[in-house]
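First comes the structure, then the notes that go with it.
Where a number appears in this text, it was derived from the coordinates with a stated rule and is not lab data. Small disclaimer: the values here were computed from a predicted structure and weren't measured. Heads up, the Cβs are rebuilt from the backbone with ideal geometry, glycines too, and the neighbour counts pull from every protein chain shown.
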Amino acid sequence: MTFKLSSTAFPDGGEIPAKYTCEGQDISPPLAWAGVPPNAKSLALIVDDPDAPDPAAPKMTWVHWVLYNIAPGAGSLPEGAKQLPPGALQGLNDWKRTGYGGPCPPIGRHRYFFKLYALDAVLPSLGQLSKTKLEASMKPHVIARAELIGTYQKFR
């Protein structure tokens, strides 16, 4: 079975509903995964936007959510995930806070990458780390990767 990440809120490559953005309730969409490798000890999730600030001339990747040490057997994160699976920890997004920050593109239609990594280890508590520090810490431990892409363009 292939390691797969999905959402009931939008299909892969589809538009993220406004509810999950700065124009709506700004809550995380429901996410579910399947096909976790049997030797996975933890999962890490990074949600980012490589099209910031303008898809026609991107200058940076904006980080929306950083989670790690998610139990592989959790199977999902509910909509508006305030209660994380036991042991799961959050890092800092680019608003310099923990938690989910929804799409809020200043111009054009942006792509949002929901990247789920299966790791062969539980990472030590790294505090409120950045995406860069998490990636460095998990790099030798990644055994599989699943990805879900959504798009969004502001209505206002």
Tabulate in residue order the Karplus-calculated ³J(HN,Hα) for segment 77-88, using 6.51 cos²θ - 1.76 cosθ + 1.60 with θ = phi - 60°, rounded to whole Hz; enter x for Gly and Pro.
-> 10, x, 4, x, 3, 8, 8, 8, x, x, x, 5
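Checking the a/c ratio against 1.5 first, then a/b against b/c, what shape does the Cα gyration tensor give for the chain? Before the final figure, lay out each step's value.
Values: a/c = 1.72, a/b = 1.49, b/c = 1.15.
Prolate.
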Alpha-carbon centroid distance for the pair segment 82-156 / segment 27-53, whole angstrom | 7 Å
Do the sum for the chain: with -39,500 (n - 2.57) for every DSSP H run of n ≥ 4, divided by all residues, what is the mean residue ellipticity at 222 nm, to the nearest 500 deg cm²/dmol?
-> -1500 deg cm²/dmol
Using the Karplus equation 6.51 cos²θ - 1.76 cosθ + 1.60 (θ = phi - 60°), what ³J(HN,Hα) coupling, rounded to whole Hz, does each residue of segment 126-131 give in order, writing x for Gly and Pro?
-> 9, x, 7, 7, 8, 4
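Going highest first, how would you order 80-88, 14-22 by mean Cβ packing within 10 Å?
Values: 80-88: 14.3, 14-22: 17.6.
Top to bottom by mean Cβ count within 10 Å: 14-22, 80-88.
In the structure shown, do any of LYS19/LYS154; LYS82/LYS131; LYS131/LYS154; LYS19/LYS41; LYS41/LYS96; LYS59/LYS96 have a Cα-Cα gap over 22 Å, and if so which? Mind dumping the intermediate values first?
Working: LYS19/LYS154 12 Å; LYS82/LYS131 20 Å; LYS131/LYS154 25 Å; LYS19/LYS41 32 Å; LYS41/LYS96 28 Å; LYS59/LYS96 19 Å.
Those over the limit are LYS131/LYS154; LYS19/LYS41; LYS41/LYS96.
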Restricting attention to the alpha-carbon atoms of segment 88-156, what are Rg (one decimal) and Dmax (integer), both in Å?
-> 14.3, 44
Quick one: what are the phi-derived ³J(HN,Hα) couplings along segment 39-45, Karplus 6.51/-1.76/1.60 with θ = phi - 60°, whole Hz, x for glycine and proline?
-> 8, 6, 9, 7, 10, 10, 10
